[in-house]
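Reviewing the structure listed below.
The values are calculated or read from the model by the stated rules, or taken from the named source; none is laboratory data. Computed from a predicted structure; not experimentally measured. All Cβ positions, even for glycine, are placed from backbone atoms using ideal geometry, and neighbour counts span all protein chains on display. Calculation scope for accessible area: heavy atoms of the full protein, side chains included, ligands and nucleic acids excluded. Shrake-Rupley method; radii C 1.70, N 1.55, O 1.52, S 1.80 Å.
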Amino acid sequence: MDTCTGTPVSLTLGGRRIEGVLRAIGDSVDMPEAPGSPARRLRNLILDFGPACAPVEVWLDEQEQEAPGPLPAPNPSSRS
């Protein structure tokens, strides 16, 4: 497990959004969605949402995706 220095993360649950940090990146596992279907690679992450909450363990799908391109420049005329 690789420990992290606290990359910011947020979690939205319905109308509530909580902020925290990524504490560790764990192993990955191959797990099928259903019997007979191809396996998906899941990556384990440990998130810390502060003293009011115990660290949260999540498993995210580790699909290979193209890296997103650069964000478009803001349009100065659209500012209010």
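Results, tabulated for the structure shown:
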read-out: Qualifying residue in region 43-58 (condition: within 12 Å of the chain's Cα centre (by Cα) and aromatic (Phe, Trp, Tyr)); value: no
read-out: Boolean, Leu11 is modelled with pLDDT of 90 or more and part of a strand (DSSP E or B); value: no
read-out: Pick from region 19-29, criterion in contact with a Cys (Cβ under 9 Å, 6 or more places away or on another chain) and not hydrophobic (A, V, I, L, M, F, W, C), ranking: most open to solvent (accessible area, probe 1.4 Å); value: Arg23
read-out: Number of positions in region 30-58 that are open to solvent by less than 50 Å² (accessible area, probe 1.4 Å) and not in a loop (DSSP other than H, G, I, E, B); value: 8
